[in-house]
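Notes to accompany the following structure.
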Amino acid sequence: MTSRRPSSPASPADVVALSLEPDVTKLVDEKLVAPDWNQTPTKGFVTNSVVVLGVRKGNPKNIKGWADLVKPGVEVITPNPFTSGGARWNVMAAYGSQIQQGKTEEQAVDYLEQLFKNVPVQDKSARESLQTFTGGKGDVLISYENEAITAQQKGEEIEYVIPDETILIQNPIAVTTESKNAELAQAFVDYAVSEPAQQVFVEKGYRSVIPELNDEKTYPTPSGLFEITEFGGWDTVMKKFFDPEDSIMQQIQESLGVSTS
Amino acid sequence: MSALPRPAAIVVARPAIAGALATAYLSLIVLIPLAAVVVESSVDGWAGFWDAITAPQAVAALRFTVIASSIVVAINVVTGTIIAWVLVRDDFPGKRTVNAIIDLPFALPTIVAGLTLLALYGPKGPAPFDIGFTRVAVLAALLFVTLPFVVRSVQPVLMELDREMEEAAQSLGAGGFTVFRKVILPTLLPAIASGAGLGFARALGEFGSVVLISGNIPFKTEVASVFLFGQIESNNTRGAAAVSVVLLLVSFALLLVVSWIGTRTDRHAR
């Protein structure tokens, strides 16, 4: 897993590999990462994945896509988007799926509200959500494809559905400006995006940033795949959806209280 | 009685050095960090502070935390006193072991406590009930981590208690309950209050044991500390600090009341 509050108050690091692009942008603002970090063949990304819907063995609730998550009686597990970077991808996948289906922004926000009414546990991280799900709670786990594959590789009884509409998760990597071993650090980053290293990522459940390495059987491209740029990129999305004091998700969290008390 | 005359110089000098050391230490470890929290909370002035602590989600989390802590303390006052009583007055095999177990909730990393409670009483646990991710689960976690407080503050007082007073009361015709209420309870009260106060303060700020077993759903199962964590992770340290200040003030007020009960009963006893 990648971390979201990284080297900020000066812990020495040569390389940063984080959840979201704005995490690196923040470091660029603090002059800890060079502004041209994303001028690489892979645009600064080291791994990709997609948001998937984890289900119980045999898919007893017959989950096929996003519409099934807002049905009554379906329990959905996803972390709290204010504590978990991973959950932000989940939220944007759910929101974007509605836009992809031709819904209006307002309808997509309504969908999010319906969705969160079906969430009985908002763990603080994606890892804990996985634990909650494998511990027996919930019918659907909104998760990264790579997390679901890792869980399967560890023998957890989890299956997953790749919905037709989902978001491409892109994880950035960069060398820091304060690195005392800049050359070695750059060599490491270069290696991480090279074919042999990417092959390892593919085996571990990630989609490669080199498209040819992604076998269509394991990693089919969903018909309605979209990127975060669709919504103006992370900077815009963070303000509009995830500002802790005034944003779409903050209002949805607040509506949870109104509707139940 | 002939006590050795003490050299006057030391009597004067010692408290001065001790006082200076205590002040320096308290400042470094407690006062400066607490002051920093207060300063951080007031960066945006009174209006910003007020907005942060009156946001509906913050209010809900604070209310739930205070209510849950109060319930937990009420339960602790009864069960803790009973446990202390049994440990002091009764004899049974394995008493020493039980006595040692009381402190274990202090030693167990709280996150492990939460995980264990979840494994036992959660959806896949062996228990016939499932309290996982509910408000009851939050209470259970808080009861676990606050168990030692009342027990350990009541126990020594009970050990020192003068049995002759009880016997005197009995010889004057007082029944068991009357003896407890009129003779024992007033003596124990400051200790119970102090244990309750510490337990309450601990419960208010508890994070580790609660975060896994609570559903963390805003307005339902989200406690203040988990709400704070969300604010910090979303880069709103000011809001987090503001809510922390409220928790600190509530704790401080309560601990003042406890110490007031202590001095009042002391005077009363004399």
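The values are calculated or read from the model by the stated rules, or taken from the named source; none is laboratory data. In this text, all values refer to a predicted model and were calculated from it rather than measured experimentally. Note: ideal-geometry Cβ built from the backbone for every residue, glycine included; neighbour counts use all protein chains shown.
Scanning region A:65-111 for residues that are away from chain B (no Cβ under 14 Å) and buried (at least 23 other Cβ atoms within 10 Å of the Cβ) yields A:TRP66, A:LEU69, A:TRP89, A:ASN90, A:MET92, A:ALA93, A:ALA94, A:TYR95, A:GLY96, A:SER97. The number of residues in region B:1-47 being closer than 16 Å to A:PRO244 by Cβ and either at pLDDT 90 or above or aliphatic (A, V, I, L, M) (or both) comes to 3. Annotation: B:PRO123 fulfils all but one of (1) in contact (Cβ under 8 Å) with a residue 12 or more places away in the chain; (2) on the phi < 0 side of the Ramachandran plot; (3) within 14 Å of chain A (Cβ to nearest Cβ); the unmet one is (1).
In this structure, A:GLU230 does satisfy being under 17 Å from the mean Cα position of the chain (by Cα) and either more than 15 Å from A:ALA108 (Cα to Cα) or in contact (Cβ under 8 Å) with a residue 12 or more places away in the chain (or both). A:GLN253 falls short on exactly one of the conditions (1) among the polar types (S, T, N, Q); (2) within 26 Å of A:MET92 (Cα to Cα); (3) out of contact with any helix residue (DSSP H, G or I) (no Cβ under 9 Å at 6 or more places or on another chain), and that condition is (3). Provide a single number: the residues in region A:25-44 that are surrounded by fewer than 21 Cβ atoms within 10 Å (Cβ to Cβ) and not in a loop (DSSP other than H, G, I, E, B). Looking only at that region, the number is 4.
Taken over region B:64-97, the criterion of being among the polar types (S, T, N, Q) and crowded, with 17+ Cβ neighbours inside 10 Å is satisfied by B:THR65, B:SER69, B:ASN76, B:THR81. Report yes if some residue within region B:233-240 is crowded, with 22+ Cβ neighbours inside 10 Å, in a loop (DSSP other than H, G, I, E, B), within 14 Å of chain A (Cβ to nearest Cβ) and free of Cβ contacts under 8 Å to residues at least 40 places away in the same chain; otherwise report no. Yes, the conditions are met somewhere in region B:233-240. Check region B:142-155 and report whether any residue there is part of a helix (DSSP H, G or I) and either in contact with a strand residue (DSSP E or B) (Cβ under 6 Å, 6 or more places away or on another chain) or within 14 Å of chain A (Cβ to nearest Cβ) (or both). There is no residue in region B:142-155 that is part of a helix (DSSP H, G or I) and either in contact with a strand residue (DSSP E or B) (Cβ under 6 Å, 6 or more places away or on another chain) or within 14 Å of chain A (Cβ to nearest Cβ) (or both). Is there a residue in region A:130-143 that is within 27 Å of B:ILE131 (Cβ to Cβ), assigned to a helix (DSSP H, G or I), more than 14 Å from every other protein chain (Cβ to nearest Cβ) and not charged (D, E, K, R)? Within region A:130-143 (the criterion being within 27 Å of B:ILE131 (Cβ to Cβ), assigned to a helix (DSSP H, G or I), more than 14 Å from every other protein chain (Cβ to nearest Cβ) and not charged (D, E, K, R)), the answer is no, since none of the residues qualifies. Here A:THR25 passes the criteria (1) modelled with pLDDT of 95 or more; (2) within 14 Å of chain B (Cβ to nearest Cβ) except the one numbered (1). Just one of the listed residues (B:VAL250, B:VAL243, B:VAL211) is over 30 Å from A:LYS137 (Cα atoms) and within 14 Å of another protein chain (Cβ to nearest Cβ), namely B:VAL243.
Matching residues to (1) more than 14 Å from every other protein chain (Cβ to nearest Cβ); (2) hydroxyl-bearing (Ser, Thr, Tyr); (3) outside any helix (DSSP H, G or I):
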residue	(1), (2), (3)
B:ARG96	yes, no, no
B:GLY114	no, no, no
B:ASP130	no, no, yes
B:PHE133	no, no, yes
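Return yes or no: is A:GLN122 more than 13 Å from chain B (Cβ to nearest Cβ) and either out of contact with any Leu (no Cβ under 8 Å at 6 or more places or on another chain) or charged (D, E, K, R) (or both)? No; evaluated as a whole, the condition is false for this residue.
The condition of being farther than 23 Å from B:VAL250 by Cα and among the hydrophobic types (A, V, I, L, M, F, W, C) holds for only one of B:ALA196, B:ALA174, B:ALA203, B:ALA191, that being B:ALA174. Listed by first and then second residue, the pairs linking a residue in region A:213-226 that is not assigned by TED's automatic domain parsing to the domain that holds A:GLY65 to a residue that is acidic (Asp, Glu), with Cβ atoms under 6 Å apart and 6 or more places separating them unless they lie on different chains, are A:PRO222/A:ASP164; A:SER223/A:ASP164; A:GLY224/A:ASP164; A:GLY224/A:GLU165. Within region A:64-87, identify whether any single residue is more than 22 Å from the chain's Cα centre (by Cα), under 18 Å from A:GLN170 (Cβ atoms) and modelled with pLDDT under 95, and answer yes or no. No: zero hits.
Test B:SER225 against the stated conditions and say whether it is within 12 Å of chain A (Cβ to nearest Cβ), among the small types (Gly, Ala, Ser), in a helix (DSSP H, G or I) and closer than 16 Å to B:GLY114 by Cα. Here the answer is yes, as B:SER225 does meet what is asked. Only one of the listed residues (A:SER179, A:SER255) is surrounded by 13 or more Cβ atoms within 10 Å (Cβ to Cβ) and within 14 Å of chain B (Cβ to nearest Cβ). That residue is A:SER255. Within region A:97-129, the set of residues being β-branched (Val, Ile, Thr), touching a strand residue (DSSP E or B) at 6+ places or on another chain (Cβ under 9 Å) and in a loop (DSSP other than H, G, I, E, B) comprises A:VAL119, A:VAL121. The set of residues in region A:192-251 that are hydroxyl-bearing (Ser, Thr, Tyr) and either in a strand (DSSP E or B) or within 14 Å of chain B (Cβ to nearest Cβ) (or both) contains only A:SER247.
Within region A:237-247, one or more residues are of a type in the set (Ser, Thr, Tyr), surrounded by 18 or more Cβ atoms within 10 Å (Cβ to Cβ) and touching a Lys or Arg at 6+ places or on another chain (Cβ under 9 Å).
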